Amino acid sequence: MVRVLIVDDHPVVREGLRGMLEADPRVNVAGEAASGDEAVVRARELVPDVVLMDLRMPGGDGVSATTRILAEHPRTRVVVLTTYETDRDIVRAVEAGAAGYLLKDTSRTDLLNAITAAVRGETVLSPSVAAKLVTRMRAPAAESLTPRERQVLSLVATGLTNAEIGRRLYISETTVKTHLLRIFGKLGVSDRTAAVTTAMARGLLDG
């Protein structure tokens, strides 16, 4: 069972998320927090598997809370759940170590799938967020993966998690996520499986 901490400054949002998640037997809502600072304290008490993190809250924003939580609990996965999808917000969240970035119009099924994917060490993005990354990162030579990007994607193809890839390449898990997001942007995809299959189809990765 996946233990989840819900972080949002709106009680009605927390209540709605709790009801949505607890209807699935795979998920246990371990607790709630109404601010970034409270989230750090609650994460310390509960050590959840996944934190659903709002971005903009009084009493400590989601990005700084993400950084602090992951510094204490590197195995915890933080998935941002917000109404904001500006480039700056996305990049800041990813650089802080967030495992995913979802919008609050995400369906229950997609949210549950994202939570379980995050636990597996995967990066999860809302389609519109992935599209923004495509626009941000695509360049004239967009399909040309760097040697390091090919290396990361080759290890993804073997089934390794981001953490395992980081250990194999002697880089941080956050750096692995950054490479993957750049790969997603270049290939115009939003998940690891699509990245591998698209790269193979285009002859960018040996298969």
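Read-outs: derived from the displayed coordinates by stated rules, not from any lab. If you're wondering where the values come from, they're calculated on a predicted model, not measured in any experiment. Cβ sites come from the backbone with ideal geometry, for glycine too, and all protein chains shown count toward neighbours.
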How much length is gained if the chain between MET200 and VAL91 is pulled fully straight, taking 0.36 nm per residue apart and subtracting their Cα-Cα distance, in nm to one decimal?
36.5 nm
Of the listed peptides 188-201, 115-128, what is their order by residue-averaged count of other C-beta atoms within 10 Å, with the highest listed first?
115-128, 188-201
Charge tally for neighbours of ARG14 with beta carbon under 14 Å away, counting Lys, Arg as +1 and Asp, Glu as -1, is -4
Simple spin-label estimate for THR193 and THR175 in nanometres, 7 Å along Cα-Cβ:
3.0
Expected sort for 13-25, 36-48, 161-173 on mean C-beta neighbours within 10 Å, highest first, is 36-48, 161-173, 13-25
Everything considered on the Cα gyration tensor (a ≥ b ≥ c; rounded for a/c under 1.5, else prolate if a/b is larger than b/c, else oblate), segment 76-124 must be described as oblate
Please work out how much length the chain gains when fully extended from LYS104 to THR146, using 0.36 nm per residue of separation minus the C-alpha to C-alpha distance, in nm with one decimal.
11.8 nm
What net charge do the residues around ALA33 carry, taking every other residue with its C-beta under 15 Å from that of ALA33, with Lys and Arg at +1 and Asp and Glu at -1?
-3
Between GLU15 and THR158, what's the calculated FRET efficiency when r is the beta-carbon distance and R0 is 41 Å? Round to 0.05.
0.45
